[in-house]
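Enquirer: Sharing a structure here in structure tokens format.
The values are calculated or read from the model by the stated rules, or taken from the named source; none is laboratory data. Not measured: the values here are computed from a predicted model. Backbone-built Cβ (ideal geometry, glycine too); neighbour counts: all protein chains shown. In case anyone asks, the SASA skips ligands and DNA or RNA and just uses the protein heavy atoms, side chains included. Shrake-Rupley method; radii C 1.70, N 1.55, O 1.52, S 1.80 Å.
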Amino acid sequence: MSTLFGPRLHDTSTEFRLWAPSAPDVSVIFPDREPAPLTRNAEGFWSALVANCGPGQRYKFRAGGIECPDPASRLQDGDTADWSVVTAPIPPSGRNEPLRPWHETIICEVHVGTFSPEGTFAGLAQRLEHIRDAGYTALEIMPINAFPGRRNWGYDGTLLFAPEEAYGTREEFRALVDRAHELGLCVILDVVYNHFGQFDNFIEKVSPEWFDDSVETPWGKGVDFTRDMVRQFYYENARMWLTECDVDGLRFDSIHEMKTEARDLFLEEMAKTCRTAKYHAKLIVENMDNIASWLDRDEDEEPVHFTAQWNDDIHHVLHYLVTGEHKNGYEDGSADAIADLEKGLADGFVHDGEAGEDSDGRSRGEPASRLPPDAFVSYVQNHDQIGNRADAQRLPDRISADKLDFLHFVTMLAPHVPLFFMGEEAHMRTLFPFFCDLSEADAEIVRADRYKQMRENFHEEVGEGGLPDPNDPATFESAKINWGEFAHPERQAALERFRTLARWRRELVWPLAAGKCIDAHTSRQDTAVVVSWVFEAGTLNMALNASDRPVDVACAVTGTPVSTGTFSQSGEVLRLGPWSALAWT
């Protein structure tokens, strides 16, 4: 399919293109040949066909005196301010059918730079057997787009088509994807279309039309989705990852921070673009507004737009119940967390629908109960919930193993799609603080912003020196998985319990989730909740006690249950021990 952005090869020539409607003049420059002037068309694109030029040629643009890399660069020779490199498209894999259906997804969220000692695509590829053998069926890879320096979470990218040089090339990423597919693992890539990183953001300088000055996001000016060419840029980016790199799906970061008028048009067209490129694409959104209509299904139970949403609601209530930390909607202790858990398990969202500007986040208009359970991705840890804490600690450092086993049981045996953060399968304690690699002047801006975010966004009062220095290489090193730790008996035992949970999910949940979910029934007794998800092929039941004391429940377990913690049945009375749960069909 033809593209508008990035270099286009023509036999022995290359066409260079840049969208910069207000630039007075544009040329393409090279380190080893004369510059070539570009001409402008009516849509604001500048272009030039340069003879005797092909893959491997380094280039930049000079727009109105500003030198910049290609915003659609597929490869950088160095950092995000350095030369772009002409590359040939990667041939498609020829794979047309899905590797596995969505309801069979068990996600491991992975950061390439910290997952392996090498911190590369190749290093991750060498350790995919661990992910498969733990019971996962999919990787969700944090953003790999090029960012300034060699250390970053990935959400500060400025060159969205080029993989981060520290990780490897597009071809090496494709080799990672191919190896994952050989092992039966799907690959979902996290993409960031709501903003560009603050540093080396040359688009703002050469194409200011890209942004709406009246719209602010937590990261700066909002992207102006009313402009056709701006939307086209992101459509082409998504299509490249799905076709040339053959990923199975995309996770769209913080769509609630897309605030210009054409946001809905953009999202509708984005979903259509992705499904045209790959009809079975697994499309996940992060959306604090909990708009259920983005997750609607058609008459065949296929997603109309997006496949699922990261569900912070279920995280927040489970996190509060096991930690007692008064945050994420549970600040004053007035919320009924058990009732919230009951609703979240049955309906997906605790706080339904589209929130108006004056909403407190609890009164919303769109019921989520109409959606199937696999429209929600559930988790108790992810990069945000670990890294946006002042201590960057994981749950094993804050709660007991029996509570974490309880959380994993509920997450894995409920019919929502489960997600776990890398190493969580073995109760790893590796920190995951925010990190970056910037000049000292730029790093000082980031340091100040992290303290501000902790106070204003994450409601943690942190004194000077209370946060790890994001620019210190030691902070990055503290986030790297210690593979030797997996041999520890405690880690081995936790990993075996996780593998058992994954097996139980395959045996109990998958056969039912392959068909339609008709309804969900719940009952609450004290701190215990009993949920029955009614599918066309049968009913999945779960009884759980989210407290430190035993609870008696009027419930007869009719099947052979699987469980965590302790339970006993006496006639029609089920006794659940502290932090205990069981499931049966």
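Enquirer: Could you work out [θ]222 nm for the chain from helices alone, using -39500 (n - 2.57) per DSSP H run of at least four and dividing by all its residues? Round to the nearest 500 deg cm²/dmol.
Expert: Here the helix-only value at 222 nm equals -7500 deg cm²/dmol.
Enquirer: Let me know the whole percent of all Cα-Cα pairs from region 274-414 that are separated by more than 28 Å.
Expert: Result: 21 percent of Cα pairs exceed 28 Å.
Enquirer: Which residue, GLN525, TRP504, PHE486, has the largest displacement toward the positive end of the dipole of region 471-529 when charges sit on each Cβ (Lys, Arg +1; Asp, Glu -1)?
Expert: TRP504
Enquirer: First obtain the Kirkwood hydrodynamic radius of region 68-114 from its Cα pairs, then insert it into the Stokes-Einstein equation at 10 °C and 1.306 mPa s, and state the resulting D in µm² per second as a whole number.
Expert: The diffusion coefficient I find is 108 µm²/s.
Enquirer: Report the Cα centroid-to-centroid distance between region 234-274 and region 121-169 in angstrom, as an integer.
Expert: The two parts, judged by their Cα centres, are 19 Å apart.
Enquirer: Just how much of ARG503 is accessible, in Å², when a 1.4 Å probe is used and the result is rounded to the nearest 10?
Expert: 100
Enquirer: Can I ask one more? Using a 1.4 angstrom probe on the protein heavy atoms only, could you order TRP219, TRP46 from most to least accessible area? Please report the intermediate quantities before stating the final value.
Expert: Values: TRP219 95, TRP46 20 Å².
The most accessible residue leads, giving TRP219, TRP46.
Enquirer: When Rg is the radius of gyration of the Cα atoms in region 205-296 and Rh is its Kirkwood radius, what does Rg/Rh come to?
Expert: Across region 205-296, the Cα-based Rg/Rh ratio is 0.97.
Enquirer: Please give the solvent-accessible surface of ASP82 in Å², to the nearest 10, using a probe radius of 1.4 Å with every protein chain present.
Expert: 60
Enquirer: Further question: Please go through the residue pairs LYS205/LYS452; LYS282/LYS480; LYS343/LYS516; LYS452/LYS480 and name each one whose alpha carbons sit more than 23 Å apart in this structure.
Expert: The pairs that break the limit, which is 23 Å between Cα atoms, are LYS205/LYS452; LYS282/LYS480; LYS452/LYS480.
Enquirer: In square nanometres, what is one fourth of the surface area of the convex hull spanned by the alpha carbons of region 357-489?
Expert: Its Cα hull, projected and averaged over all orientations, spans 11.4 nm².
Enquirer: What ranking of SER2, SER84 comes out by heavy-atom accessible area, probe 1.4 Å, highest first?
Expert: SER2, SER84
Enquirer: Which net charge results for the neighbourhood of ALA175, defined as the other residues with beta-carbon distances under 11 angstrom from its beta-carbon, given Lys and Arg at +1 and Asp and Glu at -1?
Expert: After counting each charged neighbour, the total is -2.
Enquirer: Taking the Cα centre of the chain as the origin and placing charges on Cβ (Lys, Arg +1; Asp, Glu -1), which of ALA134, PRO117, PRO470 is farthest toward the positive end of the dipole?
Expert: About the Cα centre, the residue reaching furthest to the positive side is ALA134.
Enquirer: Another one. Just to make sure I understand: if all protein chains stay in place, what is the order of LYS60, LYS343, LYS205 by accessible area at 1.4 Å, largest first?
Expert: My answer, sorted largest first, is LYS205, LYS343, LYS60.
Enquirer: Using a 1.4 Å probe over the heavy atoms of the protein chains, calculate the carbon and sulfur portion of the accessible area of region 1-40 as a whole percent.
Expert: The nonpolar share, carbon plus sulfur, comes to 50 percent.
Enquirer: Please state, as a whole number in µm²/s, the translational diffusion coefficient that the Stokes-Einstein equation yields for region 251-296 at 20 °C and 1.002 mPa s, with Rh defined as the Kirkwood radius across alpha carbon pairs.
Expert: In µm²/s, the coefficient is 191.
Enquirer: Mind checking the per residue accessible area of region 479-585 for me, 1.4 Å probe, whole number of Å²?
Expert: Each residue of region 479-585 exposes 45 Å² on average to a 1.4 Å probe.
Enquirer: At a 1.4 Å probe radius, carbon and sulfur cover how many percent of the accessible area of region 455-585?
Expert: 50
Enquirer: For region 385-441, which GluC sites (Glu not before Pro) are in a loop by DSSP, counting at most 12 other Cβ atoms within 10 Å? Numbers along the way, then the final one.
Expert: Values: sites: GLU424, GLU425, GLU440; in loops: none.
Taking region 385-441 and a limit of 12 other Cβ atoms within 10 Å, no loop GluC sites (Glu not before Pro) are found.
Enquirer: Using only the Cα atoms of region 1-133, each taken as one equal point scatterer with no solvent, compute I(q) by the Debye sum, divide by I(0), and report log10 of the ratio at q = 0.10 Å⁻¹.
Expert: So the normalised log intensities are -0.50.
Enquirer: In addition: Can you give me the % of accessible surface on region 250-387 that is carbon or sulfur? Probe 1.4 Å, all protein chains present, nothing else counted.
Expert: Of all accessible area on region 250-387, carbon and sulfur atoms account for 43 percent.
Enquirer: Provide the convex hull volume over Cα atoms per residue for the chain, in Å³.
Expert: Roughly 150 Å³ of hull volume per residue.
Enquirer: Right, here's the next one. Taking amide H atoms as placed 1.01 Å from N in the peptide plane, list the residues 5 or more away in sequence, or in a different chain, whose amide H sits under 5 Å from that of ARG17.
Expert: Close amide H contacts, sequence-distant or interchain: GLY6.
Enquirer: Additional query: Let me see the pair-distance distribution of region 220-261: every alpha carbon pair, 5 Å bin width, integer percents in order.
Expert: Values per bin, smallest distances first: 6, 18, 24, 25, 16, 10, 1.
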